[in-house]
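To start, the structure itself, in structure tokens.
The values are calculated or read from the model by the stated rules, or taken from the named source; none is laboratory data. As the structure is a prediction and not an experimental result, all values here were calculated from the model. Because the Cβ atoms are built from the backbone with ideal geometry, glycine has one as well, and the counts that use them run over all protein chains shown.
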Amino acid sequence: MTGRPADAAVFLEAVRAGATGWDGARQLPAELIREAGRAGLLAADLPHHYGGAGASASDVGELSARTGGVCSSLRALVTVQGMVAAAVLRWGTAGQRETWLPRFASGEAVAAFAATEPDAGSELAAVRTRIEPAGSQLRVTGRKVWVSFGEIADVVLVLGRLDGAPAAVLVETGRPGLRRRPVRDQLGLRAAHIAHLDLDAVPVPRGNLVAAPGFGLSHVAGTALDHGRYTVAWGCVGLAAACHRLATGHALARVQGGVRLSDHQLVRALLARSFVDLTAAEQLCRRAAALRTAGDPEFLAATVTAKYAAARTADSVSRDAVRIHGSAGCDAGSVVGRFLRDAAVMQIIEGAPEVNEMHIADHVIREHRRTAGGHPGHVPVPSGAVP
Amino acid sequence: MHNAIMTSRAPAAGPPDDGVTDEVRSYLAEALGDAPGPGEDYFATGRVNSLFALQLIVFVEARFGLVVEPEDLDLAHFRTATAIASFVAAKRAATDAAGRR
């Protein structure tokens, strides 16, 4: 049984002081993951039956924001456990759900999601990883890059192709033929155990396929990425809020040449702009939460919109926070400096801004056609007769 | 008119479907720019992208009050408006049968 939101808040405040050290050490402490599970931070929206807390979209958002305001790498753990749990809950077999979901919620098993390849980033339809029948089994062969928690994951949800159709398969990391190459010293998310994975004819049972071939990208990866965008969006709001709080505190405390920083008009303007952007991003996240709770099909576009705005806000607010801190913001171990590096990465993961814009434009055009009745762009539906 | 790929089933001759086919076509018209024919395979014609494919499932669930289970995930259920109507009818029949037990 996992904890309540209050437990998660207490846990996060208790570990906050460690985050700078984790970034420096390029890893999360081993026991932290199980503690996060006990505090109810992981896959909290899973039903109680699977060890989750049955948390609402709104609760998951708040948890992600709180975590994002402490440590982006820990938030990345919340994100990836949530992504793989959502995909398995939605499209996995009963056996897969019983095997994995309780372990994801407790932190007993760390999940990873391997989609990106050297030649397939934003365009995941280009993945080349092969999932091939071999007797009663499948063999998985390919190269996956930038896999969060790939270094320590117990199971990886891998996107590949089976008979040419996009397919998703769970690969336990103890299987032969899987090699992990940890990534070190990347710009941000330094404690997120990112790794490149080389799969060389890794054998897995057929029962590890999640959904039928043909649905691996649009539905399995689609569900995971949607969930990931949602927790990243809220995580970005939490990151931006933490930076804004630190910047405001510093501006009020710091006196230079007899003048308090917060008395400079330029500093006040930065604080004001950050506040507006932060509030706007948070409201877009709340809108996404409401649409998710209502089961409105536009929740997918609303989540992309929230992620787009929140990632941009995390970037700008953390950048302004570093400027307000001055040299202290640039120092090794600077909290706002760490958040700025993390924010740069969060712009790119789960859909770069340019990709988000294409999805948001699809939504804009759909809405226009839906509401434009009789105006340019309105689409009449001809009768059911076959043309 | 684009080249519609037709299924072998003749949609006009099918049983009444409570307007499900036309509702699905209206919804698709918003995304695609014009309504696909009742038997047009919009996946084969490449008019539905992967992001919208998931949204279509959520629409079917929300609009017709059912849950698409993992075992329902068969392209044959979703590739045309008439196929979706048949799927909705089958799910409703199964729910009704379960309700009577």
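Of all residues in segment A:224-241, those satisfying the criterion of being crowded, with 24+ Cβ neighbours inside 10 Å, farther than 16 Å from A:G121 by Cα and either among the hydrophobic types (A, V, I, L, M, F, W, C) or over 9 Å from the mean Cα position of the chain (by Cα) (or both) are A:V232, A:A233, A:W234, A:C236, A:V237, A:G238, A:L239, A:A240. Scan segment A:129-146 for residues that are β-branched (V, I, T) and on the phi > 0 side of the Ramachandran plot and the total you get is 0. For segment A:368-379, a residue qualifies if it is at the interface with chain B (Cβ under 8 Å from one of its Cβ atoms) and either at pLDDT 60 or above or out of contact with any Leu (no Cβ under 9 Å at 6 or more places or on another chain) (or both), and the qualifying residues are A:R369, A:R370.
Kindly evaluate A:S383 against the criterion of being modelled with pLDDT of 90 or more and either more than 14 Å from chain B (Cβ to nearest Cβ) or surrounded by fewer than 21 Cβ atoms within 10 Å (Cβ to Cβ) (or both).
Values: modelled with pLDDT of 90 or more: no; either more than 14 Å from chain B (Cβ to nearest Cβ) or surrounded by fewer than 21 Cβ atoms within 10 Å (Cβ to Cβ) (or both): yes.
It is false that A:S383 is modelled with pLDDT of 90 or more and either more than 14 Å from chain B (Cβ to nearest Cβ) or surrounded by fewer than 21 Cβ atoms within 10 Å (Cβ to Cβ) (or both).
With respect to A:D320, is the statement that it is assigned to a helix (DSSP H, G or I), at pLDDT 95 or above, outside the structural domain of A:E123 (by TED's automatic domain parsing) and more than 15 Å from A:G238 (Cα to Cα) true? Criteria met by A:D320.
Among the residues that make up segment A:48-56, is at least one of them touching a Lys or Arg at 6+ places or on another chain (Cβ under 6 Å) and either assigned to a helix (DSSP H, G or I) or assigned by TED's automatic domain parsing to the domain that holds A:V171 (or both)?
Applying the first criterion (touching a Lys or Arg at 6+ places or on another chain (Cβ under 6 Å)) to segment A:48-56 yields none.
The answer is no, given that none of the residues of segment A:48-56 is touching a Lys or Arg at 6+ places or on another chain (Cβ under 6 Å) and either assigned to a helix (DSSP H, G or I) or assigned by TED's automatic domain parsing to the domain that holds A:V171 (or both).
For segment B:35-52, the candidate set comprises residues that are without any contact (Cβ under 8 Å) to a residue 12 or more places away in the chain and facing chain A (nearest Cβ under 7 Å); within that set, the residue that is farthest from A:M358 (Cα to Cα) is B:A35.
A:L42 - would you say it is within 25 Å of A:A311 (Cα to Cα) and assigned to a helix (DSSP H, G or I)? Give the derivation first.
On the way: within 25 Å of A:A311 (Cα to Cα): yes; assigned to a helix (DSSP H, G or I): no.
So A:L42 does not fit the description; no.
Checking the structure you have, find out if any residue of segment A:9-20 is more than 30 Å from A:A212 (Cα to Cα), of a type outside the set (D, E, K, R), within 21 Å of the chain's Cα centre (by Cα) and part of a loop (DSSP other than H, G, I, E, B).
To start, the set of residues in segment A:9-20 that are more than 30 Å from A:A212 (Cα to Cα) comprises A:9-20.
From what's left, of a type outside the set (D, E, K, R): A:9-12, A:14-15, A:17-20.
Next, only the ones that are within 21 Å of the chain's Cα centre (by Cα) stay: A:9, A:11-12, A:15, A:19-20.
From what is left, the residues that are part of a loop (DSSP other than H, G, I, E, B) are none.
No, every residue in segment A:9-20 fails to be more than 30 Å from A:A212 (Cα to Cα), of a type outside the set (D, E, K, R), within 21 Å of the chain's Cα centre (by Cα) and part of a loop (DSSP other than H, G, I, E, B).
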